[in-house]
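Remarks on the structure that follows.
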Amino acid sequence: MSLKLDGKKLSLEIEEKLKKDIEANLNSTKRPPGLAVIRIGEDPASGVYVKNKERACSRVGIKSFIFHLKDTVEQNEVEQLINKLNVDSDIDGMLLQLPIPEKFDEQKLISFINPEKDVDGLNEQNIGKLVKNEPAMRSCTPAGIINLLRSQNITIEGKKIVVIGRSLLVGKPLSLMLLNLNGTVTITHSKTINLNKICKEADILIAAAGKPNLIDSSFVKEGAVIIDVGIHRLTSSDMSKTKLCGDVLLEDVIPKVFAYTPVPGGVGPMTVTMLLVNTIFSWQKQFVLSLTLNDLLP
Ligand code: NAP
């Protein structure tokens, strides 16, 4: 029987630890960790993600500060807000909820975020440190995937790993983290020729293409580990029901693999948990506390 890599269960276990780490230091710090979330515009999915982050913060004792801006604001106003939060001593972490409306220069805004507070790990200074394999804030979805693999003692070193997708958010940082952990990594994308054949060689196959049910059992080696990063809401033909699915046709793939992540309940919850980890890590650094979360930061 295949092993389910249960991100929901692991994230609850990690949250228990995070809660205790905060409680143990509140007497000396006199304030909880603080996370600022900047949302621009009315993208409904972003609304759900921000709510989830807010709830997760309150479960472990992080104070969240939500800045919901209208899409009529100007780039320089958002930059000013980021600059203000950069020096706000109650804020340990800050993120810009993506996607933002097209009129904004997303990369420029991210580059304004103080790297010490960049809990999404997307600022070029943190990406640069990842490239150099130096400690820094790591992006949440890739770090969550590494922790899921580690939680079941799935070895990365020496494994053939194929990552489908090369985005700045997932594919690239994930590939670098796996490389730093001595995996033999192949990065694939929409222009890759013979994707099926390349994937079939993978000991660990990670699908982050953003294409529902792209990967069926014909892409997967017997006994491989499959990680499904994709998340899609599909509507039935009569529009009466919706269902979440990933990039992997799971029912076809599960009988063939050693381990898999479900959708929902796999990578998604780990992404949110890593955001909490990064925020608390930054708070611990700010107050020169012992850094108890190093093991969770690849
Ligand atoms: P993205 O920016 O759209 O990038 C998708 C990547 O996949 C691109 O590099 C693209 O190639 C590649 N790709 C697209 N179609 C392909 C195909 N047919 N064959 C091979 N490669 C293909 O998406 P993203 O932000 O990385 O996110 C990917 C998925 O993960 C989405 O479904 C997203 O919702 C999900 N996600 C989930 C979480 C979570 O917490 N669960 C977090 C983040 C993202 P090109 O570069 O050539 O265009």
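Using just the helices of the chain, give the 222 nm mean residue ellipticity in deg cm²/dmol: DSSP H runs with n ≥ 4 each add -39,500 (n - 2.57), and the total is spread over all residues, rounded to 500.
Result for the chain: -11500 deg cm²/dmol, rounded to the nearest 500.
Can you tell me the FRET efficiency between Lys191 and Leu234 if r is taken as the Cβ-Cβ distance and R0 is 25 Å, rounded to the nearest 0.05? With a Förster radius of 25 Å, E is 0.45. When Ile254, Ile22 are compared by accessible area at a 1.4 angstrom probe, the order from most to least is Ile254, Ile22. The GluC sites (Glu not before Pro) found in the range 1-107 that occupy coil by DSSP, while having at most 13 further C-beta atoms within 10 Å, are Glu42, Glu74, Glu102.
Please work out the FRET efficiency for the pair Glu201 and Lys132, using the Cβ-Cβ distance as r and a Förster radius of 30 Å; give the result to the nearest 0.05.
The pair Glu201/Lys132 has a calculated efficiency of 0.60.
In units of the rule-of-thumb radius 2.2 N^0.38 Å, the range 1-84 shows an alpha carbon radius of gyration of 1.42. Converting phi to 3J(HN,Hα) with the Karplus coefficients 6.51, -1.76 and 1.60 and the offset θ = phi - 60°, the range 127-143 yields 5, x, 5, 5, 4, 7, 6, 10, x, 5, 4, 10, 5, 6, 5, x, 5 Hz in sequence order, with x at every glycine or proline.
Rounded to the nearest 10 degrees, the angle from helix 7-23 to the longest Cα principal axis of the chain is 20 degrees. Close amide H partners of Gly121, meaning residues 5 or more places away or on another chain with modelled amide H under 5 Å apart, do not exist here.
Compactness of the chain is given as radius of gyration and Dmax, 19.2, 58 Å, from Cα positions. Taking label positions 7 Å along the Cα-Cβ direction at both Lys63 and Arg31, the computed distance is 0.6 nm, reported to one decimal. Accessible surface for Arg55 stands near 130 Å², nearest 10, in the context of the full protein assembly shown (1.4 Å probe).
Positive contributions from Lys and Arg (+1) and negative ones from Asp and Glu (-1), summed over other residues with Cβ under 12 Å from the Cβ of Glu102, come out at -3. When you count the other C-beta atoms within 10 angstrom of each residue and take the mean per peptide, 43-52, 183-192, 266-275 line up highest first as 266-275, 183-192, 43-52. With R₀ fixed at 45 Å, the C-beta to C-beta distance from Asn76 to Ser2 puts the FRET efficiency at about 0.30. Number of Lys-Lys pairs in the range 30-114 with C-alpha atoms under 15 Å apart and a separation of 8 or more places or on different chains: 4. Rolling a 1.4 Å probe across the protein heavy atoms gives the chain an accessible surface of 48 Å² per residue.
As a fraction of the 1.4 Å probe accessible area of the range 85-157, surface on carbon and sulfur atoms comes out at 46 percent.
The values are calculated or read from the model by the stated rules, or taken from the named source; none is laboratory data. Since this is a predicted model, take the numbers as computed values, not measurements. FYI the Cβ positions are ideal-geometry reconstructions off the backbone, even for glycines, and counts take in every protein chain you see. In case anyone asks, the SASA skips ligands and DNA or RNA and just uses the protein heavy atoms, side chains included. Shrake-Rupley method; radii C 1.70, N 1.55, O 1.52, S 1.80 Å.
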